[in-house]
Amino acid sequence: MPDLLIELFSEEIPARMQKRAGEDLKKIVTDGLVEAGLTYASAAAFTTPRRLALTIDGLTEESPNTREERKGPKVGAPEKAVEGFLRSTGLSMEQLEVRDDKKGQVYFAVIEKQGRPAADIVAEVLEGAIRNFPWPKSMRWGAGSLRWVRPLHSILCIMVREDGATVVPLDVDGITSGDTTRGHRFMGPDAFTVTSFEDYQTKLKRASVVLDPAERAETIWHDATNMAFAQGLEVVEDRGLLAEVAGLVEWPVVLMGNIDDQFLELPPEVLQTSMKEHQKFFSVRDPKSGKIVKFVTVANRETTDNGATILAGNQKVLAARLSDAKFFWENDIRAVAREGMQAMAAPLANVTFHNKLGSQAARIDRIAALARALAPAVAADADQAELAARVAKADLSSEMVYEFPELQGIMGRYYALRADLPAAVADACRDHYSPLGPSDDVPTDPVSVAVALADKLDTLTGFWAIDEKPTGSKDPYALRRAALGVIRLLVMNELRLSVSDVIGDWAEKFEPVCLRLRTDWIAAEQKAGESMPDSAEEAKWLMTSRGLTKQIEAQKRSVSSSLLSFFHDRLKVLLRDEGVRHDVIDACLAMDGADDITLLVTRARALQATLDTEDGANLIQGFKRANNILTQAETNDGVEYSFGPDIKFAETDEEKALFAALDTAEAAIKPAMQDEDFAAAMSAMATLRGPVDAFFEAVQVNADNDIVRRNRLNLLGRIRVICLQVADLTKIDG
């Protein structure tokens, strides 16, 4: 079986597109080969800035002969039906067969296809892949019609057998396939011939090209960390930047440069962000001081002066960039020292947050009020929580954040400290955006928690109020992330809040909830020639008399209910990753306190832990059996079997043992549930597994004696009542 090697050689491919392009090339080509009837053992794609490469091992020599019989319309069917069948099969009328069928004679098509050589199929598939490649952006060049991400120079396509390699003939807009390629643009520009993938990879490295992006990344990281370690420093880890830089070079040469002393007092985040965004430099930190003191850059070639000229040029450009950052920093801290943080936030009155939700300043007022209201529940100082909320977004109007938006919050902390605000307030400026994702750190300082909750709850309530909810995969305002952030803040800090009450109370003060109703009411009153009320009391009375107050209350309830359901959906996603099943959460949602997220999570985790045990899983089956028998009997008899069973009517030892087990379990479950010790309650419930199993094995519930039957059904009713104290087990699957 031959091996296949493909290389598409072009001008530099943007680093951000390379990984996806390699995956797309592999998928398009392998899918096309398989669809044409070929098989292969393995395939791997590689990318460099100037080439996409694909190697396929163990390709079959040709596609197999095929014979397909396809049933068509009945003889005598309408002419258009027969013509459509002929088009789908590619046959003529004379080539169809007439066969007897259950309902008469039917046309049959016998389609036979001869196998094709692998080279023909490869050429066809590769040409289609090149002409229809799914680049995010592509271009045309010269007079041709071919589109590629950058001008395509050559196509290498060979099939490798034991007796040597042969070129797969291919011509795409004048670019013919061959068995040659080129190495590094400067260090190995001459063309060379390859005979196999191993030969290709070896000769590329000899021509100063490392084909595997993972190898390039490993080389960069190894050399950079060793270089820093030799000077008692450490490289700030950034896997995203590492992958990007590995896509910018074919022959990585790591160089370490100095940062001018005048910039070393800038916040390390400023240095790191500026160097990463503009220069693609790695930051090098002094572990003793935590300051960024040097940088690492990666050149794409070796030089006779060991990179001295490259470093000099990079340091000159970096100095210009950092001069801008230094200018922004000094302007901002002067403004803070002169006017304070709240003055810095003043321009936000002219910044629109959302055209239906008002300005950033109006939003800050709402967040400050909500943070103060939440402060007691999170054990935060109310004055500090309100102050932190008022200054947390002040840095949005700073010059530094305007230049580097990703530093919002981080710069706010620095400015707050410069303004001599309390450390808790400064930390809240930085932390109130967190958590941003499922693996992001969760703030634990009470002031930060209060502001973070207020920020996210205000956002969610506002967008729910104007009916701007996530739909499908669309979530332009990151509301799913905000809801997940609220959940993690509550759960990680073990906070006990009624989310429904918070949303409902806040919705009442949230202008967008009532604004449309009030506006419509005023317009209707004016249209009817009614004069507007002179006082707030008169307005309130008039609104009530017109039914507007009820509409507003209904709107509040709608927002609260819908948003709580959204939280529950997000919670299912979060707990799914922990191994908590959806039906387990549904069983807990049916209980009281479902709007207390922390309580709900504790109950769900305890129930899942119980179901993961043998006793717990078997008890669920016993409960379902008891509930099914009971439900059927209650339906047939038209009565509810919820009266206490009497042990004096028990006839068997298993029946009496179940009475005793239920007494013991109930005595343990009730106080445990009152103390919200769900683990203990569910552990006590799981002890019923043995007695319940023994009861069903030994006892016939629907006994001939009617008194005994009713007593046993009431005993099942007691099983149901005791188990349903813990969770609604009827919602558990299986």
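The values are calculated or read from the model by the stated rules, or taken from the named source; none is laboratory data. What you see is a predicted model, and the numbers here were worked out from it, not measured in a lab. Cβ sites come from the backbone with ideal geometry, for glycine too, and all protein chains shown count toward neighbours.
From Val391, Val425, Val401, Val351, which residue is within 29 Å of the chain's Cα centre (by Cα) and at negative phi? Break it down stepwise before answering.
Details: Val391 fails: within 29 Å of the chain's Cα centre (by Cα); Val425 fails: within 29 Å of the chain's Cα centre (by Cα); Val351 fails: within 29 Å of the chain's Cα centre (by Cα).
Going through Val391, Val425, Val401, Val351 in turn, the sole match is Val401.
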Handout entry: Where a residue in segment 226-244 is more than 18 Å from Lys19 (Cα to Cα) and its partner, wherever it lies, is in a helix (DSSP H, G or I), with Cβ under 8 Å and at least six apart
Key = Glu234/Thr225; Glu234/Ala228; Val235/Trp221; Val235/Ala224; Val235/Thr225; Val235/Ala228; Val236/Gln272
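In segment 582-599, how many are within 20 Å of Ser500 (Cα to Cα) and either in the same structural domain as Arg481 (by TED's automatic domain parsing) or not hydrophobic (A, V, I, L, M, F, W, C) (or both)? If you could, list the steps in order and put the result at the bottom.
Taking segment 582-599 first, the residues within 20 Å of Ser500 (Cα to Cα) are 585-599.
From what is left, the residues that are either in the same structural domain as Arg481 (by TED's automatic domain parsing) or not hydrophobic (A, V, I, L, M, F, W, C) (or both) are 586, 592-593, 595-596, 598.
Residues flagged as within 20 Å of Ser500 (Cα to Cα) and either in the same structural domain as Arg481 (by TED's automatic domain parsing) or not hydrophobic (A, V, I, L, M, F, W, C) (or both) within segment 582-599 amount to 6.
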Exercise for the section: Note down all Cβ pairs under 6 Å where the first residue falls in segment 563-581 and is in the same structural domain as Ile466 (by TED's automatic domain parsing), the second is aromatic (Phe, Trp, Tyr), and they're at least six residues apart or on different chains. Expected result: Leu563/Trp464
Problem - Pair list, Cβ < 9 Å and 6+ apart or interchain, from segment 4-16 residues that are outside the structural domain of Glu250 (by TED's automatic domain parsing) to residues that are part of a strand (DSSP E or B) and basic (Lys, Arg) - result: Glu7/Arg51; Leu8/Arg51; Phe9/Arg51; Phe9/Arg182; Ser10/Arg51; Ile13/Arg51
Practice task
Just need a number here: residues in segment 684-712 that are closer than 13 Å to Glu655 by Cα, among the charged types (D, E, K, R) and within 52 Å of the chain's Cα centre (by Cα).
Solution key: 3
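Would you say Ser154 is of a type in the set (Gly, Ala, Ser) and free of Cβ contacts under 8 Å to residues at least 60 places away in the same chain?
Working: of a type in the set (Gly, Ala, Ser): yes; free of Cβ contacts under 8 Å to residues at least 60 places away in the same chain: no.
The answer is no for Ser154.
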Problem - Glu468 being at pLDDT below 95 and within 20 Å of Pro268 (Cα to Cα) - result: no
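Which ranges mark the strands (runs of 3 or more DSSP E) fully within segment 1-110 that have 1 or more residues being under 47 Å from the mean Cα position of the chain (by Cα) and crowded, with 18+ Cβ neighbours inside 10 Å?
Filter on segment 1-110 gives 3-10, 42-48, 51-57.
Just to be sure before I move on: is Glu265 out of contact with any strand residue (DSSP E or B) (no Cβ under 7 Å at 6 or more places or on another chain), part of a loop (DSSP other than H, G, I, E, B) and either charged (D, E, K, R) or surrounded by fewer than 22 Cβ atoms within 10 Å (Cβ to Cβ) (or both) in the structure I sent?
Details: out of contact with any strand residue (DSSP E or B) (no Cβ under 7 Å at 6 or more places or on another chain): yes; part of a loop (DSSP other than H, G, I, E, B): yes; either charged (D, E, K, R) or surrounded by fewer than 22 Cβ atoms within 10 Å (Cβ to Cβ) (or both): yes.
Answer is yes for this residue.
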Practice task
From (1) under 20 Å from Val270 (Cα atoms); (2) over 35 Å from the mean Cα position of the chain (by Cα); (3) not β-branched (Val, Ile, Thr), pick out the condition that doesn't hold for Ala312.
Solution key: (1)
Completion exercise
Sole miss for Arg50 among (1) under 26 Å from Trp141 (Cβ atoms); (2) out of contact with any Asp or Glu (no Cβ under 7 Å at 6 or more places or on another chain); (3) not hydrophobic (A, V, I, L, M, F, W, C) is condition (2)
Practice task
Those residues that are in contact with a helix residue (DSSP H, G or I) (Cβ under 9 Å, 6 or more places away or on another chain) and among the basic types (Lys, Arg), I need them from segment 267-296; list them, please.
Solution key: Lys276, Lys280, Arg285, Lys291, Lys294
Fill in the blank from the handout: When restricted to Ala672, Ala665, Ala681, the only residue without any contact (Cβ under 8 Å) to a residue 40 or more places away in the chain, buried (at least 16 other Cβ atoms within 10 Å of the Cβ), assigned by TED's automatic domain parsing to the domain that holds Phe696 and part of a helix (DSSP H, G or I) is Ala672
Fill in the blank from the handout: Phe695 fails exactly one of (1) surrounded by 18 or more Cβ atoms within 10 Å (Cβ to Cβ); (2) not in a helix (DSSP H, G or I), namely (2)
